[in-house]
Amino acid sequence: MNPKKETRKYSKSATTATNKSEGFSDEERAAMKERAQELKAEARLNKDRAAGEKAVLEKIAELQEPEHSMAMRLHTLIKASAPALSPKTWYGMPAYAIDGKIVCFFQSAQKFKTRYATLGFNDTANLDEGTMWPVSFALKELTATEETKIAGLVKKAVS
C-alpha cells in the first residue's frame, strides 16, 4: 500500500431489512425539493423585480419636468395600488406587468412629441365594462382627483 494514499474505512449503513433509517421519508424529501424550487423561483422573481424597478427609475430620471414628477408619482401610486405588478420598461417607458404581461404603462409626451402624456392599459387589464371601455388616458398633470381615479383603475385592472 502506498503511504501517500489515504485509507478510508466505510461503515455499514444504519438501514437493514428490519431497521428503517431515521432520516427523511420519500414524501418529506420531495416536499423539501419542491420548497427549494419555490425559493429559487422567488429569488429569480425578486432579482427580476429589482432589475425592473431599477430600469424604470432610470427611465423616469431621464424625463424632464413636469413629466418626471408625474411619472414618479404614477410609479409610487401604481406600486401602492397593485403590489403584485412588477415594474419593467416597455418601449423605453415605465410599465407594470403580471407574469411578464404588461398591464399598464406610461408614455411620455416629450419622447413621442405629442401634446400630452398617456397612461394606458393593455388587454390583460380587467377594465371591461359592457362592450366598450377606455384603455388610454391623457395626462397633463396629476391632482388628487386624478390620483384617486388612477388608483381605482389600477386596482380594478389587476382584480
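Annotations for the structure displayed:
The rows are residues; the columns are (1) touching a strand residue (DSSP E or B) at 6+ places or on another chain (Cβ under 7 Å); (2) within 29 Å of Arg44 (Cβ to Cβ); (3) at pLDDT 95 or above.
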site: Val56; (1), (2), (3): yes, yes, no
site: Lys59; (1), (2), (3): yes, yes, no
site: Leu77; (1), (2), (3): no, yes, yes
site: Phe105; (1), (2), (3): yes, yes, yes
site: Phe121; (1), (2), (3): yes, yes, yes
site: Met132; (1), (2), (3): no, no, no
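- Scan of the range 58-74 for residues that are in contact (Cβ under 8 Å) with a residue 24 or more places away in the chain and either hydrophobic (A, V, I, L, M, F, W, C) or under 17 Å from Ala157 (Cα atoms) (or both), ordered by number: Ile60, Leu63, Met70, Ala71, Leu74
- Checking each residue in the range 130-148 for being within 20 Å of Lys79 (Cβ to Cβ) and surrounded by 14 or more Cβ atoms within 10 Å (Cβ to Cβ) picks out Phe137, Leu139, Leu142, Glu146, Glu147.
- Lone qualifier among Ala151, Ala125, Ala80, Ala97 - being assigned to a helix (DSSP H, G or I) and surrounded by 14 or more Cβ atoms within 10 Å (Cβ to Cβ): Ala151
- Subset of the range 111-122 [surrounded by 11 or more Cβ atoms within 10 Å (Cβ to Cβ) and outside any strand (DSSP E or B)]: Lys111, Phe112, Thr114, Tyr116, Asn122
The values are calculated or read from the model by the stated rules, or taken from the named source; none is laboratory data. It should be emphasised that the depicted structure is a prediction, and the values quoted were computed from it without experimental measurement. Cβ: placed from backbone, ideal geometry, glycine included. Neighbour counts: every protein chain shown.
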